[in-house]
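Enquirer: Quick one: the structure is below, and I'll ask about it shortly.
No value in this document is a laboratory result; all are computed from the given coordinates. Because the structure is a prediction, the values reported are computed rather than measured. Glycine gets a Cβ as well: all are built from the backbone with ideal geometry, and neighbour counts include every protein chain shown.
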Amino acid sequence: MELLSDPVTLAVACLAVVIVGMGKGGFTGIGALATPLLALCLPPVTAAAVMLPVLISQDVVSVWSFRRSWDKWIVAWMLPGTIVGIGAATFYASAVKEEQMLLALGLITLAFGLYRLWVERGGRIVAASNSPGWVGSLYGIAVGATSQIAHAGGPPFQMWVTPRRLPMATYVGTNSVLFALINVIKVPGYFLLGSLNPQTLSAAALLLPLAVAATLVSVRVVRKLDNERFYLMVYVLMVLLGSKLVWDGLR
């Protein structure tokens, strides 16, 4: 808990946990803001290591809440790609610059969010995408790589899955199951790099009660939204998230 002994660092960590809880509860993608936010007070690698156990605890709540509504076909196609992405990001961890990854991810996310808002402006009905599964595997590589480096795998997931116009509960459930599997797969890599250690694990343990509470509250809020409002919020969040990631990458 020494990592969170400073009141400012603790406050920022709590805010990051609440943001991740919103993402796990259904506001998918917004959780990618958490690690860059915590990195304002801690080294980026340490911030990512503190957040990983928090993410896994929130995955348990999210998967249980949406266990009956997720798309097995999407998970089956994306998961192999995510494993490749995680492996590549772990192997090349020392060569990949986080700010470059965040900048590229931010630009793509911002452009996609603005594009979808433009296409669906004024409540226009857009035909759901039916792109083949192998495309999802390619997106999965980006999901795995960005998730391993900065827990920022949400935007690539959204780019392939959101246009499919799944029912809201199925969309959130699919996101929950896929990222629960991803976060478990990431654990050996974090141990291998030495970032999961007694200090980061004890800091994460301090944040777990807030993590669970934030996820439960978000699940209740999301379940009250209708499909159209939910997807509008997802696109707006993508624009905000993309802008923040671009800022972090340039800074």
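Enquirer: Most mobile of Ala49, Ala169, Ala145 per a Gaussian network model of the chain (Cα springs, under 10 Å)?
Expert: It is Ala169.
Enquirer: Taking 20 °C and 1.002 mPa s as the conditions, I'd like the Stokes-Einstein D for region 144-251 in µm²/s, using the Kirkwood hydrodynamic radius from alpha carbon pairs.
Expert: Roughly 134 µm²/s, to the nearest whole number.
Enquirer: Taking a label point 7 Å from the Cα of Arg164 along the Cα→Cβ vector, which residues of region 42-80 have an amide N closer than 15 Å to it?
Expert: Answer for region 42-80: 69-80.
Enquirer: Before anything else, pin down the relative contact order of the chain: Cα pairs under 8 Å, at least 6 apart, normalised by residue count, whole percent.
Expert: 41 percent.
Enquirer: So between Gln199 and Val60, what do we pick up on full extension, going 0.36 nm a residue minus the alpha carbon distance?
Expert: Fully extending the segment from Gln199 to Val60 adds 47.8 nm.
Enquirer: Quick check on region 1-44: take the gyration tensor over C-alpha atoms, sort the square-rooted eigenvalues as a ≥ b ≥ c, and tell me if it's rounded (a/c under 1.5), prolate or oblate.
Expert: prolate
Enquirer: Then there's this: Taking the Kirkwood radius as the inverse of the mean 1/r across Cα pairs, report the Rg/Rh of the chain.
Expert: Over the Cα atoms of the chain, Rg/Rh equals 0.94.
Enquirer: Follow-up. Could you compute the net charge surrounding Ala213? Neighbours are other residues with a C-beta less than 14 Å from the C-beta of Ala213; K and R count +1, D and E count -1.
Expert: Summing Lys and Arg as +1 and Asp and Glu as -1 gives +2.
Enquirer: Just to be sure I understand: with springs between alpha-carbon atoms less than 10 Å apart, which residue in Pro44, Pro132, Pro80 has the highest mean-square fluctuation in the Gaussian network model of the chain?
Expert: Among Pro44, Pro132, Pro80, the largest GNM mean-square fluctuation belongs to Pro132.
Enquirer: Pop a pseudo-label 7 angstrom from the Cα along the beta-carbon direction at both Ala111 and Val236 and give the gap in nm to one decimal.
Expert: 2.5 nm
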